[in-house]
Amino acid sequence: MNLRPLSHSVLRSLAPTSVRLGGRSFKPDSWGVANNQEVWNLPEENNVTWVIGGPQGGGINSVAETFAKACARGGLNIFANIEYHSNIKGEHSFYRVRASDKEIRSHVDWIDLLIALDKETLFGDIHKEFPTHEGHRNEVSPGGGIIYDAALKLKAEDIGRPDVNLYPMPYMEVLVGALKEQGHEKELSKYQVMANTVTFGASIALLDYDFNIVADSIKQGFTGRKAALGDLNVNAARHGYEYIKKNFADGFPYKLNPIKPTQKRMVMRGVQAVGAAKFKAGCALQTYYPITPATDESEFLEHYEKDYNIVVVQAEDEISAILMAAGAAHAGVRASTSTSGPGFSLMSEGMGWASHTEAPGPVIILWQRAGPSTGLPTRTEQGDLQFVLHAAHGEFPRIAIAPGDAAEAFYDTFDSFNYAEKFQMPVVVILDKFLASSYQTLPILESLDLKVDRGQIATEADLATNPAYKRYEFTATGISSRALPGTRGGIFRTTGDEHDEFGHITENSENRVKMMQKRMRKVQLAAEMIPDTKKANFFGPVQADVTLVGWGSTKGAILDGMQDLEADGIRCNFLQVRYMNPFPSELVTKYLASARKKILIENNYSGQLGSIIREKTGITMDSKILKYNGRQFSQNEIYEGIEESTKNGVKEAVMAHA
Amino acid sequence: MLELKDYRTKVHNDWCPGCGDFGILNAIQMALFEMKLEPHDVAIFSGIGCSGKTPHFVNTYGFHTLHGRSLPIATGAKLANTALTVIAVGGDGDGYGIGAGHFVNTGRRNLDFTYVVHDNQVYGLTKGQAAPTLPKGEKTKSMSAPAIVQAINPIATAITAGYTFVARSYALDVRHLKEILKAAVLHKGSALVDVLQTCPTYNDINTKEWYAGTELPSKAPRLYKLEETGYDGVVKNSDDMNEVNQKKLQAMAKSFEWDEKIPIGLFYRNQQPTFEEMIASRIPVFKEVPLTKQDLYHRDVSPIFESLT
C-alpha cells in the first residue's frame, strides 16, 4: 500500500490547484504532492475510506452497515467505526467504512468519499455560540469526493476544496422520483429518511461497485413483514446510483471491485463476539443495567433468548446486576453481567463479595468509555485498567483479561467462564466502546473445539461419603470443591465475613492468615495453568529498532501502523499484553528486557499499562504515545506518533485526531 | 424422618440475651420443620447486621451477603435454581434503608420468595442509631437527639412496590409468626413479613412491656390480630382491578395504625404471575427445568456466525 500519513494540519494547508465540479476537469497530476514534501496516498483500486455523516436519527447506521456488508460479500475486507453523541436525535454523527482487498484492522483519518447528509457534516457547527466541530470537508483527501445535497445551494467556493470532486445531488428530488415509480410519492414525510439510501446509491455509482451485491445487502436488512420496505430502499438506492451515472462523468479515482473471497467471512463487532462466546460457554443468566456502550451486548443476548434459553434480566442498578449474577453463579449456573465504567464503579463491592465467598463467577464484561463520572459517554477510552485491578476494598483474587479485537473477545470471553468456575473467582473482561461498536471482517471463528470446564463440583454421590463437607476446605491448590445448593449433603454457609472451612464467621487470627493464603494462591494457580500463548501476543521480529507496547483495542491500529513503519525501513515489533491478572511478568520481561526502544501506546492519559509493567517487572518505557480525546488511534496516528518519538525525541506524544 | 433439630446448627449464637432475633430464628426453624421442607432444598439469604447471622444458625444452604444486598443475590440464586425455597432475612436498616432500592424492585418483579424483616427501629450492630422505621420525634437511649426524619411504612411501601403477600407479625409471638411464615413461604410470589421486634440493648422505647401495653391506662396489649377482627386482605378475583385496588387501599389504611393499636397478621394477598412465570412465558423451558439442570454447555453458535456473513 502506497500510504503516507498526512496530518490534519497538512491536509488543510494543501494548495488548491483547480476547481473541479462533478468530476469534470479531473487532473491526476494536481494531487499526489502536497506541501512540497508529503506524498499523498495514491488512489488505488480497492482501498477506500467512505464516510457518511449526518444528524443522529438520520439513518447513517443502517446505510453504513449495509455498505460494510456489501463490501464483505464482494470479498473485500472492511473496518467500520462510528462516532456519535450522547443524544437521540439531531447531533452530528458519522460512520466510517474502510474497504480494502488487504487485511485492515483500523481506520485512517482521511476520507476518500464523503457523503454529507446535512450541511453540518461539511462545515460543522461553527456558526453556533458554542461550536463543537468544524465538519469533515477538510478531511477529504485530494482527489477524493463529496456527495452533498444540491438543495443546500452551495457554490464550489463555499466548500473551499478545489482539489476535491464535488457531487451535488438533489436528495429529495431523486427520492421523490424513486417513490413515484412505486406509487408512494404522497408519503414523502414517512419515507424522507430514505434520502440516506439515495446518497448511498450515489456513492456506489462513484465507486463503480456492483449494484446487485448492494441491493442484496439492502434487502437482507428488511426481512419478513418489512420486505416491502427493502424493495423501496433498493429502488431509492438505484435512483441515486443512476443520478450519478447520468449527471457526472466517470472520473472518480477511487474504485471498488468485488474479488473472489478466499473463505466465507463475517462482519462482526465486539458485542456480537462477546455475546456469541457467552452462548458457547453456557451462560444461563445475563444481568445488566442500561448503559452506553454495554447495553448492545445484553440486547444481542436477549434477541436469542429463545434459541439458547438464556435469561436476561434488566436489574434496578449495577449493584443488583452483579449480585444477581454472583447469586446465580453460587447456585450453580454460569452467569455474567455487562457494564461500563460508571456501572462497574457501583459493582465493586459486589465483586469483592463474590471473590471473598469464592463464587464461581460472575464474568463481568467491562465496556470502557471515556470517564471519569459520566465523562464522554459515547466515546472510547482505556481509562479503567488500574481500576479493574484494584476495584473494591481489601485484597482478593480476580482475573482480568483484555482482548484486542473481536476474535480475541470471543475466545477470551469463552475462557473467562471456565476460569471463573475453575478458580472460583470473578473474571473481568476489559473491552471498550471502540471494540463494542467497530465492525470488522473476520473468518468464521472456530468454536467446535471449545470445551466447557466447570471445575470441581461436589456431587450428591461425593457428598454421601463426606459427612463433614467443607465448602472452603484448605487444599494444596487453594481450590475447594463446591456443592450446588439443592444438593443433598452439601449444605454450606457462605459469608462476606472472614470464615472457617465450613463458611462460618470467625475472627480467629490463624484462620485469617490461612484463608487469605488459600484465596490468593488461586491466582498463582491460574498463572500456572493459563498458557503463555493466551497471556500476551508478540508480533514482528525478535530484534527491532522499536518495540511497541499496548493492550486492548489499540491492537488493530498498531498492527496496521507497523506496516507503514516497515515500509519506511523501521523495523518494529509489538508486545500486546492480554492478561492483566495474573500478569505475565516473566513473559513481558522476556520481550522487553533487551528491547532497544520501548514505546508505550495507550488510549488514556497516564499510560496505565506502562505503570503496571514497571510495577511488575521494573522495566520503564522509553516514550509514550497517548490519546485521550475519546477517540481511538488511527493507523496514521500510530505512524505519526512513532515518528514524533523516534525522529523528534518526543517522550510523550499526545494524539488528537477526532 | 426430619426433626426440628435437623433445622438447627451448633454454631455459637452471639445475639444479646433476650434479643427478639431468637423468636424469629425459632419461628423460621419451626415453619420449615412443619412444612417438611428438606433442609438442602432451602436457601436462606441475609444482609448485614445482627439478623445477618441468621443463616449460620439454620441448617439450610446459607448466604450471608452484603449490607442491603441480600435480595439481588437471592434473586440470582432463585432464577438459577427455581426448585429452591428461597427466604431472605434482614434488618429494617438493611432492607428499608441501604437496600430500599432492591426491596422495591424485587417486589415489582414478584419473585417467588419470602422476605423476613427484623423491624426493631434501631441499628443494633452499630450500636443503636435510628433505623428507617423509627418514628419522627422518637429518641432511643443511644441517640443524642430525637429523630428528625419520617419513618418508612414497610407495609404500605411493599403494597405499592408490588409484593403480593404482605404481613406483619411479632417476634415474641412465635406461634403467630410461624404460621405467617408458613403462609408466606407457600405463597407463590414475593412475600414480605415485617416482624416487630424488641431490641433490649438499644431500643428502650418499643420494649416488650411497651408492646404489652403495661403503661397504657387500659393496660391492653397494643398488638391485635387482624384475622380476629374479621379483616380480610385476600383478593378473590385478581382480574377485578376494583377489588385489587380496594384491598390495597384497605391494607394501606390499616398499615398506618400505630401507637395504642397496632395490627399484625395478613394485610394483603393477591395471586399474580411470578417473575419466574413471566420469564417462562418468553422462554418456555424455564418453567419445566431449572437452569441448573439444563445442559447449556453444548450449544452451537454457528447459526449466529452464519447470520453475520
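Quick rundown of the values:
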{"read-out": "Cβ pairs under 8 Å, 6+ apart, first in the stretch B:295-309 and at the interface with another protein chain (Cβ under 7 Å from one of its Cβ atoms) and surrounded by 18 or more Cβ atoms within 10 Å (Cβ to Cβ), second part of a loop (DSSP other than H, G, I, E, B) and of a type in the set (S, T, Y)", "value": "B:V301/A:S447; B:I304/A:Y304; B:F305/A:S447"}
{"read-out": "Test: residue in the stretch B:23-36 that is at negative phi, facing another protein chain (nearest Cβ under 8 Å) and part of a helix (DSSP H, G or I)", "value": "no"}
{"read-out": "Checklist (1) outside any loop (DSSP other than H, G, I, E, B); (2) at pLDDT 95 or above; (3) farther than 25 Å from A:K534 by Cβ applied to A:L600, failing item", "value": "(3)"}
{"read-out": "Matching residues, the stretch A:494-516, being without any contact (Cβ under 8 Å) to a residue 40 or more places away in the chain and facing chain B (nearest Cβ under 7 Å)", "value": "A:D497, A:H504, A:I505"}
{"read-out": "Residue in the stretch A:267-275 that is within 11 Å of another protein chain (Cβ to nearest Cβ), farther than 30 Å from A:A99 by Cβ and either at pLDDT 95 or above or outside any helix (DSSP H, G or I) (or both) present", "value": "no"}
{"read-out": "Among (1) free of Cβ contacts under 8 Å to residues at least 40 places away in the same chain; (2) touching a strand residue (DSSP E or B) at 6+ places or on another chain (Cβ under 6 Å); (3) aliphatic (A, V, I, L, M), the one test that B:L177 misses", "value": "(1)"}
{"read-out": "Residue under evaluation B:D14, criteria (1) surrounded by fewer than 24 Cβ atoms within 10 Å (Cβ to Cβ); (2) over 28 Å from A:G489 (Cβ atoms), criterion not met", "value": "(2)"}
{"read-out": "Odd one out for A:G282, checked against (1) farther than 17 Å from B:I73 by Cα; (2) buried (at least 19 other Cβ atoms within 10 Å of the Cβ); (3) more than 7 Å from every other protein chain (Cβ to nearest Cβ); (4) not aliphatic (A, V, I, L, M)", "value": "(3)"}
{"read-out": "Filtered residues of the stretch B:266-294 (kept if β-branched (V, I, T), facing chain A (nearest Cβ under 7 Å) and either surrounded by 13 or more Cβ atoms within 10 Å (Cβ to Cβ) or touching a residue at least 12 places away in the same chain (Cβ under 8 Å) (or both))", "value": "B:I279, B:I283, B:T292"}
{"read-out": "Conditions (1) away from chain B (no Cβ under 14 Å); (2) touching a strand residue (DSSP E or B) at 6+ places or on another chain (Cβ under 6 Å): number failed by A:D415", "value": "(2)"}
{"read-out": "Tally, over the stretch A:102-117, of residues that are in a loop (DSSP other than H, G, I, E, B) and surrounded by 19 or more Cβ atoms within 10 Å (Cβ to Cβ)", "value": "8"}
{"read-out": "Helices (runs of 4 or more DSSP H) enclosed by the stretch A:146-264 - at least 3 residues per element that are among the hydroxyl-bearing types (S, T, Y)", "value": "A:195-207"}
{"read-out": "Qualifying residues in the stretch A:603-630 (those that are of a type in the set (K, R) and under 24 Å from the mean Cα position of the chain (by Cα)) - the one nearest to A:P293 (Cα to Cα)", "value": "A:K627"}
{"read-out": "Extreme residue, farthest from the other protein chains (Cβ to nearest Cβ), among residues of the stretch A:471-493 that are of a type in the set (K, R) and buried (at least 17 other Cβ atoms within 10 Å of the Cβ)", "value": "A:R482"}
{"read-out": "Residue, farthest from the other protein chains (Cβ to nearest Cβ), within the stretch A:303-334, restricted to residues that are part of a helix (DSSP H, G or I) and among the acidic types (D, E)", "value": "A:E318"}
{"read-out": "Given (1) touching an Asp or Glu at 6+ places or on another chain (Cβ under 6 Å); (2) under 27 Å from B:L84 (Cβ atoms); (3) in a loop (DSSP other than H, G, I, E, B), number of the condition B:K141 does not satisfy", "value": "(2)"}
{"read-out": "Test result for B:A100, modelled with pLDDT of 95 or more and within 9 Å of another protein chain (Cβ to nearest Cβ)", "value": "no"}
{"read-out": "Whichever residue in the stretch B:44-89 is part of a strand (DSSP E or B) and touching a residue at least 60 places away in the same chain (Cβ under 8 Å) and, among such residues, is surrounded by the fewest Cβ atoms within 10 Å (Cβ to Cβ)", "value": "B:T85"}
{"read-out": "In the stretch B:199-217, residue surrounded by the fewest Cβ atoms within 10 Å (Cβ to Cβ) [restricted to those that are assigned to a loop (DSSP other than H, G, I, E, B) and free of Cβ contacts under 8 Å to residues at least 12 places away in the same chain]", "value": "B:P217"}
{"read-out": "Matching entry among A:G478, A:G550 (being of a type in the set (G, A, S), closer than 19 Å to A:I399 by Cβ, touching a helix residue (DSSP H, G or I) at 6+ places or on another chain (Cβ under 7 Å) and not assigned by TED's automatic domain parsing to the domain that holds A:S416)", "value": "A:G478"}
{"read-out": "Sole residue being over 18 Å from B:V193 (Cα atoms), facing chain A (nearest Cβ under 9 Å) and small (G, A, S), chosen from B:A83, B:A74", "value": "B:A83"}
{"read-out": "Any hit, the stretch A:115-122, residues being in contact with a Leu (Cβ under 8 Å, 6 or more places away or on another chain), in contact (Cβ under 8 Å) with a residue 60 or more places away in the chain and not hydroxyl-bearing (S, T, Y)", "value": "yes"}
{"read-out": "Wholly within the stretch A:429-541, strands (runs of 3 or more DSSP E) carrying at least 1 residues that are at pLDDT 95 or above and of a type in the set (A, V, I, L, M)", "value": "A:439-443, A:536-539"}
{"read-out": "Residue within the stretch A:287-295 that is crowded, with 23+ Cβ neighbours inside 10 Å, touching a strand residue (DSSP E or B) at 6+ places or on another chain (Cβ under 6 Å) and either free of Cβ contacts under 8 Å to residues at least 60 places away in the same chain or facing chain B (nearest Cβ under 10 Å) (or both) present", "value": "yes"}
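Conditions (1) in contact (Cβ under 8 Å) with a residue 12 or more places away in the chain; (2) touching a strand residue (DSSP E or B) at 6+ places or on another chain (Cβ under 7 Å), marked per residue:
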site: A:Y591; (1), (2): yes, yes
site: A:I599; (1), (2): yes, yes
site: A:N603; (1), (2): yes, no
site: A:L609; (1), (2): yes, yes
site: A:R614; (1), (2): no, no
site: A:T617; (1), (2): yes, no
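Here is a yes/no grid of residues against (1) under 19 Å from the mean Cα position of the chain (by Cα); (2) part of a strand (DSSP E or B); (3) touching a residue at least 12 places away in the same chain (Cβ under 8 Å); (4) farther than 20 Å from A:D405 by Cβ:
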position	(1), (2), (3), (4)
A:S348	no, no, yes, yes
A:P360	no, no, yes, yes
A:W367	yes, yes, yes, no
A:T380	yes, no, yes, no
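The values are calculated or read from the model by the stated rules, or taken from the named source; none is laboratory data. In this text the structure is predicted, and so the values were computed from the model without any measurement. Methodologically, a virtual Cβ is constructed for each residue, glycine included, from the backbone with ideal geometry; neighbour enumeration extends over all protein chains shown.
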